[in-house]
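Chemist: Encoded as structure tokens, here's the structure I'll be asking about.
Here, each number is a calculation from the coordinates, and none is a lab measurement. All values derive from a computational prediction rather than experimental measurement. Don't worry about glycine lacking a Cβ; one is built from the backbone with ideal geometry, like all the others, and counts go over all protein chains shown.
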Amino acid sequence: MVRILGNNLSNKKKIYIALTCIYGIGIPTSKRILNELKIDPETKVSELTEINISSLIIVVGVAYEIQKTVRSLYKNVLEEIK
């Protein structure tokens, strides 16, 4: 079982579906991430290599941190406007 951002991805699912259990990732985003990493979306989670898993953890983790930072900055700007 693969764990990304505190979410366990089921070994039985295809990776493009499994990634959708992470908050904020839908099927289009999942397929875009996999396309950038050159991972076949039809691959089952159990068939991923260590390199694939590491790449996914890095890309999804960085994207999550960027999203969190942007959300925080946006909130701060809104508070200053009020």
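Conditions (1) out of contact with any strand residue (DSSP E or B) (no Cβ under 6 Å at 6 or more places or on another chain); (2) aromatic (Phe, Trp, Tyr); (3) in contact (Cβ under 8 Å) with a residue 60 or more places away in the chain; (4) more than 19 Å from ILE17 (Cβ to Cβ), marked per residue:
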{"site": "LYS31", "(1), (2), (3), (4)": "yes, no, no, no"}
{"site": "GLU36", "(1), (2), (3), (4)": "yes, no, no, no"}
{"site": "GLU42", "(1), (2), (3), (4)": "no, no, no, no"}
{"site": "ASN52", "(1), (2), (3), (4)": "yes, no, no, no"}
{"site": "ILE58", "(1), (2), (3), (4)": "yes, no, no, yes"}
{"site": "TYR74", "(1), (2), (3), (4)": "yes, yes, no, yes"}
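Chemist: Moving to a separate point now. Which is β-branched (Val, Ile, Thr) and more than 13 Å from the chain's Cα centre (by Cα), of VAL62, VAL77? Please lay out each step first, then the result.
Modeler: On the way: VAL62 fails: more than 13 Å from the chain's Cα centre (by Cα).
Matching residue, one of VAL62, VAL77: VAL77.
Chemist: Hey, another quick one. From the residues in segment 32-50 that are out of contact with any Leu (no Cβ under 7 Å at 6 or more places or on another chain), closer than 16 Å to SER10 by Cα and among the β-branched types (Val, Ile, Thr), which one is surrounded by the most Cβ atoms within 10 Å (Cβ to Cβ)?
Modeler: Looking at residues that are out of contact with any Leu (no Cβ under 7 Å at 6 or more places or on another chain), closer than 16 Å to SER10 by Cα and among the β-branched types (Val, Ile, Thr), I get THR43.
Chemist: Now, a different point. Just to verify a result, which residue in segment 1-31, among those that are loosely packed, with under 13 Cβ neighbours inside 10 Å and basic (Lys, Arg), is farthest from TYR64 (Cα to Cα)?
Modeler: LYS12
Chemist: When only residues in segment 51-80 that are closer than 21 Å to MET1 by Cα and of a type in the set (Ser, Thr, Tyr) count, which is surrounded by the fewest Cβ atoms within 10 Å (Cβ to Cβ)?
Modeler: Only one residue tops the list, namely SER54.
Chemist: Here is a further query. Could you tell me whether LYS14 is in contact with an Asp or Glu (Cβ under 6 Å, 6 or more places away or on another chain) and of a type outside the set (Phe, Trp, Tyr)?
Modeler: Details: in contact with an Asp or Glu (Cβ under 6 Å, 6 or more places away or on another chain): yes; of a type outside the set (Phe, Trp, Tyr): yes.
Yes.
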